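J.: One structure coming up, written as structure tokens, with questions to follow.
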Amino acid sequence: NAGVTQTPKFQVLKTGQSMTLQCAQDMNHEYMSWYRQDPGMGLRLIHYSVGAGITDQGEVPNGYNVSRSTTEDFPLRLLSAAPSQTSVYFCASRPTGGNTDTQYFGPGTRLTVL
Amino acid sequence: EDQVTQSPEALRLQEGESSSLNCSYTVSGLRGLFWYRQDPGKGPEFLFTLYSAGEEKEKERLKATLTKKESFLHITAPKPEDSATYLCAVRSNSGYALNFGKGTSLLVTP
């Protein structure tokens, strides 16, 4: 298993540009989520999904959109990038049933908005 | 609202000098408390899950314990390769998401 994969690893955008951060997992996990990590702030939840076709907002959803058309993929869209969205973005997944709550993280995407 | 506070923010140890990291939490019904390790430029790596007060888990030089208000990550005879940021997170019975603390940055010098 490749686990949780994220692309790209690095990205530089200009203010107002749009882009999609890709996230995929091959573990058949129902739950997927997006976090951003900023210095001194810890990991903060942006959006999450408990299955295909179901998404919900986390702590800091403004400026971001998500969709979940398949179990494997959970892309994060920035419609009009702002400097405040400069951050490291992590995607994570875990199963929703069974005896485990272990959440697995991807390697991250470092985004800079100029 | 769930709250997670980790202390200290940073810790510097000599190789072999044992110590503990603290994670204090408030949550309405604990579903689980999680410890992760994060190396620079990498995603968090899962270490332990604790579910109830009194529970302990060990992995190599690391031992995690849980009470009703806090968790400790004990590091015994650390080595330089244990240098990393250690993250604590909780999940409540009413939610799907993990709520993270800000982490403890550990540096172990030879």
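J.: Can you give me the three principal axis dimensions of region B:1-70 from its C-alpha atoms, in Å, biggest first?
T.: Rounded to whole Å, the extents work out to 37, 27, 20 Å.
J.: For region B:24-110, run through the GluC sites (Glu not before Pro) and keep only the ones in DSSP coil with at most 11 other Cβ atoms within 10 Å of their Cβ. All intermediate terms of the calculation are to be shown ahead of the outcome.
T.: On the way: sites: B:Glu45, B:Glu55, B:Glu56, B:Glu58, B:Glu60, B:Glu70, B:Glu81; in loops: B:Glu55, B:Glu60.
Sparse-neighbourhood loop GluC sites (Glu not before Pro): B:Glu60.
J.: List for region B:11-42: residues with 10 Å² or greater reduction in accessible area, all protein chains versus chain alone, probe 1.4 Å?
T.: The answer is B:Arg31, B:Phe34, B:Tyr36, B:Gln38, B:Gly41, B:Lys42 - residues whose exposure falls by at least 10 Å² when every protein chain is included.
J.: Please find the FRET efficiency linking B:Lys79 to A:Glu59, where r is the Cβ-Cβ separation and R0 is fixed at 41 Å, and quote it to the nearest 0.05.
T.: Values: r = 36 Å, r/R0 = 0.87.
Efficiency, rounded to the nearest 0.05: 0.70.
J.: Tell me the label-point distance for the pair A:Ser80, A:Arg110, using the 7 Å Cα-to-Cβ offset, in nm and rounded to one decimal.
T.: 2.9
J.: Which residues of region A:29-52 bury at least 10 Å² of accessible area once all protein chains are present, versus their chain alone (1.4 Å probe)?
T.: Buried-area filter returns A:Tyr31, A:Tyr35, A:Gln37, A:Gly40, A:Met41, A:Gly42, A:Leu43, A:Leu45, A:Tyr48, A:Val50.
J.: Restricting to lysines 8 or more places apart or on different chains, can you count the pairs in chain B with Cα atoms under 26 Å from each other?
T.: So the count works out to 18.
J.: Continuing with the same structure: Take the Cα pairs of region A:1-71, get the Kirkwood Rh, then feed it into Stokes-Einstein at 37 °C and 0.692 mPa s and tell me D in µm²/s.
T.: 242
J.: Can you give the accessible area per residue of the protein assembly as shown, in Å², using a 1.4 Å probe?
T.: Values: 10670 Å² over 224 residues.
Dividing the accessible area of the protein assembly as shown by its residue count gives 48 Å².
J.: Oh, and also: Could you tally the net charge around A:Val60, taking each other residue with its Cβ under 12 Å from the Cβ of A:Val60, Lys/Arg +1 and Asp/Glu -1?
T.: Values: positive: A:Arg36, A:Arg44; negative: A:Asp38, A:Glu59.
Local net charge: 0.
J.: List the trypsin sites (Lys or Arg not before Pro) within region B:1-68 that fall in a DSSP loop (any state other than H, G, I, E or B) and whose Cβ has at most 16 other Cβ atoms within 10 Å.
T.: Working: sites: B:Arg12, B:Arg31, B:Arg37, B:Lys42, B:Lys57, B:Lys59, B:Arg61, B:Lys63, B:Lys68; in loops: B:Lys42, B:Arg61, B:Lys68.
Within region B:1-68, the qualifying trypsin sites (Lys or Arg not before Pro) (loop, at most 16 other Cβ atoms within 10 Å) are B:Lys42, B:Arg61, B:Lys68.
J.: Another one. Would you please calculate the Kirkwood hydrodynamic radius of the protein assembly as shown over all C-alpha pairs and express it in Å, rounded to one decimal?
T.: Values: mean 1/r = 0.0554 Å⁻¹.
By the Kirkwood definition, the hydrodynamic radius is 18.1 Å.
J.: If we restrict to alpha carbons, what Rg and Dmax does region B:43-110 come to, in Å?
T.: Rg then Dmax for region B:43-110, in Å: 13.0, 44.
J.: To continue, here is another question. Residue by residue through A:106-112, how many Cβ atoms from other chains fall within 10 Å of the Cβ on average?
T.: Values: counts 3, 3, 5, 0, 1, 0, 0.
Counting Cβ atoms of other protein chains within 10 Å of each residue's Cβ and averaging gives 2.
J.: Around A:His29, what is the net charge, scoring Lys/Arg as +1 and Asp/Glu as -1 over all other residues with Cβ under 10 Å from its Cβ?
T.: -2
J.: Also: What is the percent carbon and sulfur in the accessible area of region B:36-110, measuring with a 1.4 Å probe over the protein chains and ignoring ligands?
T.: Working: 1780 of 3540 Å².
Within region B:36-110, the accessible surface is 50 percent carbon and sulfur.
J.: For region B:72-110 and region B:1-47, what is the separation of their C-alpha centers, rounded to whole Å?
T.: 3
J.: Please report the buried accessible area for the interface of B with A, total over both chains, probe 1.4 Å, in Å² to the nearest 100. Present the calculation step by step, with values, prior to reporting the outcome.
T.: Details: alone 6240 and 5980 Å², together 10670 Å².
Rounded to the nearest hundred, the buried surface is 1500 Å².
The values are calculated or read from the model by the stated rules, or taken from the named source; none is laboratory data. Being a predicted model, the structure only gives us computed values, none of them experimental. Because the Cβ atoms are built from the backbone with ideal geometry, glycine has one as well, and the counts that use them run over all protein chains shown. Note: accessible area is taken over every heavy atom of the protein model, side chains too, but ligands, DNA and RNA are not part of it. Shrake-Rupley method; radii C 1.70, N 1.55, O 1.52, S 1.80 Å.
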